[in-house]
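Read through the structure below, which is laid out as structure tokens, and then see the notes.
Only the coordinates and a few stated rules stand behind these numbers; no lab work does. Quick caveat: nothing in here was measured; it's all calculated off a predicted structure. Cβ: placed from backbone, ideal geometry, glycine included. Neighbour counts: every protein chain shown.
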Amino acid sequence: MRIGGLIALVLMGVSLAACTIQDKAEVAADFYKPTGYTERAWLIGKPGYGDEEIDTDTQEIWFVGNSVTSRDRAKDMVVYHSAMVGRQRGATHFVLSDIKFTTTCIQPQTYESTVRATTEATYVSERPGAFEVESVLRMLEAKVLRSTSTSQERQKIFLANQASCYNQRAVRPEQVRTNLELEAESQTGKTESEKTGKSN
């Protein structure tokens, strides 16, 4: 890791020391981008994709994303990587088992987490219900290779991943509130109480 990156991590840790979870989400949204389509580096804990052969026709496929990577993005990545493996194998079609998700808290002090999507891809000849390798690659390429999320969206993903991690159940980004949303709700509440006070 470069010195600049190490200093940034230290500063991030210091700035998160005495904040609310929403404050931490704001910092994380500015500091991180959703995990891109990159191979996972196990030794240094770098998120990304991976695969392992189960048998001659089947691969286990996974994708691990960082604190601001949504389950939807992890799902797209695991489907995309399944198609990439199919292309490398010379396959034309594949079927997937159910995609399983796991959210893990890895740094309680900075509220860092990972989201993991895992499936099994079986490479087959053309058949009903099977994905076509090249169609999947064309359909998902733009979504996978470019992330266009806003800071507000990344904050909501960060908060949802934290809630999923600690509650041991899936929490969607639309179920959590950022500082901006809490402030707006607070202002709406004040306005409503002022209207009620004036009408009395």
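Residues 147, 135, 113, arranged from fewest to most other Cβ atoms within 10 angstrom of their Cβ, appear as 135, 147, 113.
Global dimensions of the stretch 17-194 from alpha-carbon coordinates: Rg and Dmax equal 18.7, 69 Å. Ranking of 150, 58 by neighbouring Cβ atoms within 10 Å, starting from the fewest: 150, 58. Ordering 131, 63, 101 from the fewest to the most neighbouring beta carbons within 10 Å gives 101, 131, 63. When only Cα pairs below 8 angstrom with a gap of at least 6 residues are kept, the stretch 17-194 shows a relative contact order of 25 percent.
If the chain linking residue 187 and residue 38 were pulled fully straight, counting 0.36 nm for each residue of separation and taking away their Cα-Cα distance, it would gain 49.4 nm. Couplings for the stretch 65-76, taken from phi via the Karplus curve 6.51 cos²θ - 1.76 cosθ + 1.60 with θ = phi - 60°, read x, 7, 4, 10, 9, 7, 4, 4, 5, 4, 5, 4 Hz in order; Gly and Pro are left as x. The amide H of residue 93, built 1.01 Å from its N in the peptide plane, has 124, 133 as neighbours under 5 Å, considering only residues 5 or more places off or on other chains.
About its Cα centre, how strong a charge dipole does the stretch 17-194 have in debye, to the nearest 20, once Lys and Arg get +1 and Asp and Glu get -1 at the Cβ? Walk me through the numbers on the way to the answer.
Details: 21 positive and 26 negative charges, 33 e Å.
So the dipole magnitude of the stretch 17-194 works out to roughly 160 debye.
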